[in-house]
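A.B. asks: Take a look at the following structure, please.
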Amino acid sequence: MDTDQLAQQLAKLRERVRLGAEKSQREPAEIRVLAVSKTRGADEVRAAAALGVRDFGENYLQESLTKIDALDDLKLCWHFIGPIQSNKTRAIAEHFDWVHSVDRLKIAQRLSEQRPAHLPDLQLCLQVNISAQDSKSGVALCDLSALATAVAQLPRVQLRGLMAIPAPADTFARQCEPFAALRTALGQLQANLPELDTLSMGMSADLEAAIAEGATIVRIGTDIFGPRRTASNG
Ligand SMILES: *Cc1c(COP(=O)(O)O)cnc(C)c1O
């Protein structure tokens, strides 16, 4: 995708966010657009940064480290949003600003221990298995409160909120259901953890529903960068 196309895609996306916010009487500025740059090259990220995007989301560690290093001059905000294996936590703690996909205490403890002291606290969201889809990622709702309480006590990390990737749904109303459940879950946690302020939810196909239900970060790949490349051609 060339820079003109990217600029058009971004303009369309920002208009969707603006309209979505307006419909729910929210300020567009409350909604942070995270450009999901997995499978995209450093050149594409640089082009998006030149168009004003500051937040980028990555799923695959090796690929992301190369990009983060190549784009060090831009001082971007990097979010890790993929599944996390224990042996990857050190590199994540050293190179990312946010992690959205924490779903067990052991991972949070390792990120906390491995976050370098000279960096600001690592910002964390807990990934919730909200529509109980077969994907193994995400803490079950019944275990969420205990996990949040434990993670909130760890040093060098700051628990900010919740993230979910619901199963695809074909109507707006159905898309809203899991996002509303995530909003409710955050509200319950806020009784004891009033500092929580983040709902990371909504992707290209369901961002309007997510915004209607209170998303503060939407994670957009396809509708910014175009269809994803597969391993064979990218
Ligand atoms: C790939 C990905 C996205 C972006 O999905 P699109 O449908 O391309 O917008 C968002 N969140 C996560 C966790 C992802 O893996």
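A.B. asks: Just need a number here: residues in region 206-223 that are near the ligand (Cβ under 9 Å from one of its atoms) and either closer than 21 Å to residue 189 by Cβ or within 15 Å of the chain's Cα centre (by Cα) (or both).
C.D. replies: Of the residues in that region, 7 qualify.
A.B. asks: Just a yes or no: is a residue in region 66-77 of a type in the set (Ser, Thr, Tyr), modelled with pLDDT of 95 or more and buried (at least 19 other Cβ atoms within 10 Å of the Cβ)?
C.D. replies: No, there is no match, as no residue in region 66-77 is of a type in the set (Ser, Thr, Tyr), modelled with pLDDT of 95 or more and buried (at least 19 other Cβ atoms within 10 Å of the Cβ).
A.B. asks: If residue 205 passes every condition in (1) more than 19 Å from residue 19 (Cα to Cα); (2) surrounded by fewer than 19 Cβ atoms within 10 Å (Cβ to Cβ) but one, which one does it miss?
C.D. replies: (1)
A.B. asks: Shifting gears a bit: Can you name the condition, by its number, that residue 130 falls short on among (1) surrounded by 23 or more Cβ atoms within 10 Å (Cβ to Cβ); (2) at pLDDT 95 or above?
C.D. replies: (2)
A.B. asks: Go over the candidates 21, 49 one by one and state the one that is closer than 27 Å to residue 90 by Cβ, away from the ligand (no atom under 15 Å from the Cβ) and either not in a loop (DSSP other than H, G, I, E, B) or not β-branched (Val, Ile, Thr) (or both).
C.D. replies: 49
A.B. asks: So which of 30, 63 ends up being closer than 20 Å to residue 203 by Cα and surrounded by fewer than 19 Cβ atoms within 10 Å (Cβ to Cβ)?
C.D. replies: 30
A.B. asks: Is it the case, given these coordinates, that residue 40 is outside any helix (DSSP H, G or I), modelled with pLDDT of 95 or more and not aliphatic (A, V, I, L, M)? Quick ask: steps written out before the conclusion?
C.D. replies: Numbers: outside any helix (DSSP H, G or I): yes; modelled with pLDDT of 95 or more: yes; not aliphatic (A, V, I, L, M): yes.
For residue 40, the condition - outside any helix (DSSP H, G or I), modelled with pLDDT of 95 or more and not aliphatic (A, V, I, L, M) - is met.
A.B. asks: Also, quick follow-up: Taking the condition in a helix (DSSP H, G or I) and modelled with pLDDT of 95 or more, does residue 84 pass?
C.D. replies: No, not satisfied.
A.B. asks: Could you give me the residue pairs with C-beta distances under 6 Å whose first residue belongs to region 190-205 and is modelled with pLDDT of 95 or more, whose second residue is of a type in the set (Phe, Trp, Tyr) wherever it lies, and which are 6+ apart or on separate chains?
C.D. replies: What qualifies is 201/179.
A.B. asks: Please determine, by comparing only the residues of region 33-60 that are closer than 21 Å to residue 164 by Cβ and of a type in the set (Ser, Thr, Tyr), which one is surrounded by the fewest Cβ atoms within 10 Å (Cβ to Cβ).
C.D. replies: Among those that are closer than 21 Å to residue 164 by Cβ and of a type in the set (Ser, Thr, Tyr), it is 60.
A.B. asks: Among the listed residues 16, 26, which satisfies the condition of being over 24 Å from residue 152 (Cα atoms), in contact (Cβ under 8 Å) with a residue 40 or more places away in the chain and not in a helix (DSSP H, G or I)?
C.D. replies: 26 is the lone residue from the list that is over 24 Å from residue 152 (Cα atoms), in contact (Cβ under 8 Å) with a residue 40 or more places away in the chain and not in a helix (DSSP H, G or I).
The values are calculated or read from the model by the stated rules, or taken from the named source; none is laboratory data. Keep in mind the model is a prediction, meaning the values are calculated, not measured. With ideal geometry, Cβ positions are generated from the backbone for all residues, glycine too; neighbour counts draw on all protein chains shown.
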